[in-house]
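*Asks:* Starting off with a structure, shown below.
The values are calculated or read from the model by the stated rules, or taken from the named source; none is laboratory data. Bear in mind the structure is a predicted one, so any value in this text is a computation, not a measurement. Don't worry about glycine lacking a Cβ; one is built from the backbone with ideal geometry, like all the others, and counts go over all protein chains shown. The area values use the complete protein model at the heavy-atom level, side chains included, leaving out ligands, DNA and RNA. Shrake-Rupley method; radii C 1.70, N 1.55, O 1.52, S 1.80 Å.
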Amino acid sequence: MGNQVEKLTHLSYKEVPTADPTGLDRDDGPRIGVSYIFSNDDEDMEPQPPPQGSDGGGGGLPDGGDGPPLPPPQPYDPRLHEVECSVFYREECIYQKSFAPGSAALSTYTPENLLNKCRPGDLVEFVSQAQYPHWAVYVGNFQVVHLHRLEVSNSFLTDASQGRRGRVVNDLYRYKPLSPSAVVRNALAHVGAKERELSWRNSESFAAWCRYGKREFKIGGELRIGKQPYRLQIQLSAQRTHTLEFQSLEDLIMEKRRNDQIGRAAVLQELAMHLHPAEPDEGDCDAARTTPPPGRLPASGRREEDREAVVH
């Protein structure tokens with residue numbers, strides 16, 4: 001009694017305590033991941049500037065309209081901006097985002113073209129550089145149900161996209177889905193819910209709950225006691241991965257979404273600073289890189305694994 005629970009927010013990898021102050025792991029013991037108790041997500045709390053152009057990039061003139069125009073926006077490329085990763089519950093892979101050659105699952109489309117690919121009950125993800133991904137449930141008639149700004153809303157897909165490109169992401173989570181009619185029913189039943197009535201921290205958790213019906217996606221759906229059963233495995237190269245461990249799926253989702261928001265290059269830079277904090281020698285250009293050279297990526301967070309990647 002009398003204890004106060006401090007609101008926990010995300011710390012950078014450099015600030016997260018590890019067994020060794022250098023950030024290097026010297027044993028195979030468990031590591032504790034970041035906790036997001038009482039912390040809300042992302043897009044619903046802080047307004048973000050709308051993307052300029054249908055490809056989700058920037059462009060045009062800088063603020064004020066003075067000076068030379070900015071370079072034209074580049075097409076959104078998931079391989080440049082997103083982090084390839086897998087999620088495990090104990091030994092079971094429950095989520096995987098892979099950029100394997102020939103995989104078209106992460107291809108993105110304009111909202112108008114995306115409508116032709118959606119079926120009722122589908123999960124839709126809208127993506128753009130430097131923004132949190134936004135998830136929604138397609139319910140038919142060109143409409144989606146989504147959690148946005150602390151309220152579950154029914155919107156036209158083109159409006160919910162806010163100009164961002166999107167894709168159907170039914171296959172990222174590996175849970176067995178409910179029937180399409182049940183997914184749509186789950187989504188529509190919560191339209192109008194807001195603030196204290198909500199049981200989800202972000203749009204992804206809400207949409208995934210609608211499709212799979214698992215309590216793990218809800219706030220407080222799991223007890224944060226004992227060993228951390230969830231692992232976020234970040235793919236660094238073909239042979240190297242690094243693992244963060246979490247007590248709940250909702251904490252892991254918050255971390256995964258943050259990585260998507262800051263982007264692949266920033267994640268790798270954080271990890272490089274955390275694992276290799278030594279100051280570079282003068283004139284050592286390679287050591288002063290803010291991002292790793294191609295083919296040599298740093299490892300992240302809790303435990304580094306220098307081994308052959310396992311295909312799940």
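*Asks:* What number of residues within the range 151-182 are open to solvent by less than 50 Å² (accessible area, probe 1.4 Å), of a type in the set (A, V, I, L, M) and assigned to a loop (DSSP other than H, G, I, E, B)?
*Replies:* 2
*Asks:* Exactly one of (1) closer than 23 Å to residue 125 by Cβ; (2) assigned to a helix (DSSP H, G or I); (3) open to solvent by less than 10 Å² (accessible area, probe 1.4 Å) is unmet by residue 244. Its number?
*Replies:* The number of the failed condition is (2).
*Asks:* Would a scan of the range 107-124 turn up a residue that is within 15 Å of residue 207 (Cβ to Cβ), touching a Leu at 6+ places or on another chain (Cβ under 9 Å) and among the acidic types (Asp, Glu)?
*Replies:* Scanning the range 107-124 turns up no residue that is within 15 Å of residue 207 (Cβ to Cβ), touching a Leu at 6+ places or on another chain (Cβ under 9 Å) and among the acidic types (Asp, Glu).
*Asks:* Could you run through the range 183-224 and say how many residues are among the aromatic types (Phe, Trp, Tyr), assigned to a helix (DSSP H, G or I) and within 14 Å of residue 149 (Cα to Cα)?
*Replies:* So the count comes out to 1.
*Asks:* While we're looking at this one, here's another question. Mind checking whether some residue in the range 124-135 is farther than 26 Å from residue 94 by Cα, in a strand (DSSP E or B), open to solvent by less than 50 Å² (accessible area, probe 1.4 Å) and in contact with a strand residue (DSSP E or B) (Cβ under 9 Å, 6 or more places away or on another chain)?
*Replies:* no
*Asks:* Quick check, is residue 155 of a type in the set (S, T, N, Q) and out of contact with any Lys or Arg (no Cβ under 9 Å at 6 or more places or on another chain)?
*Replies:* The answer is yes for residue 155.
*Asks:* Of the conditions (1) at pLDDT 95 or above; (2) in a loop (DSSP other than H, G, I, E, B); (3) closer than 22 Å to residue 260 by Cβ, residue 228 fails just one. Which one is it?
*Replies:* Only one criterion in (1) at pLDDT 95 or above; (2) in a loop (DSSP other than H, G, I, E, B); (3) closer than 22 Å to residue 260 by Cβ is unmet by residue 228, namely (1).
*Asks:* Sort out which residues of the range 136-159 are touching a Ser or Thr at 6+ places or on another chain (Cβ under 8 Å) and farther than 23 Å from residue 94 by Cα, and write them in order of number.
*Replies:* Of everything in the range 136-159, those that are touching a Ser or Thr at 6+ places or on another chain (Cβ under 8 Å) and farther than 23 Å from residue 94 by Cα turn out to be 142, 143, 144, 145, 148.
*Asks:* Can you tell me how many residues within the range 123-172 are closer than 17 Å to residue 106 by Cα and hydroxyl-bearing (Ser, Thr, Tyr)?
*Replies:* Qualifying residue count, the range 123-172: 3.
*Asks:* Of all residues in the range 105-123, count the ones that are out of contact with any Gly (no Cβ under 7 Å at 6 or more places or on another chain) and either at pLDDT 95 or above or open to solvent by 70 Å² or more (accessible area, probe 1.4 Å) (or both).
*Replies:* Residues meeting the conditions: 11.
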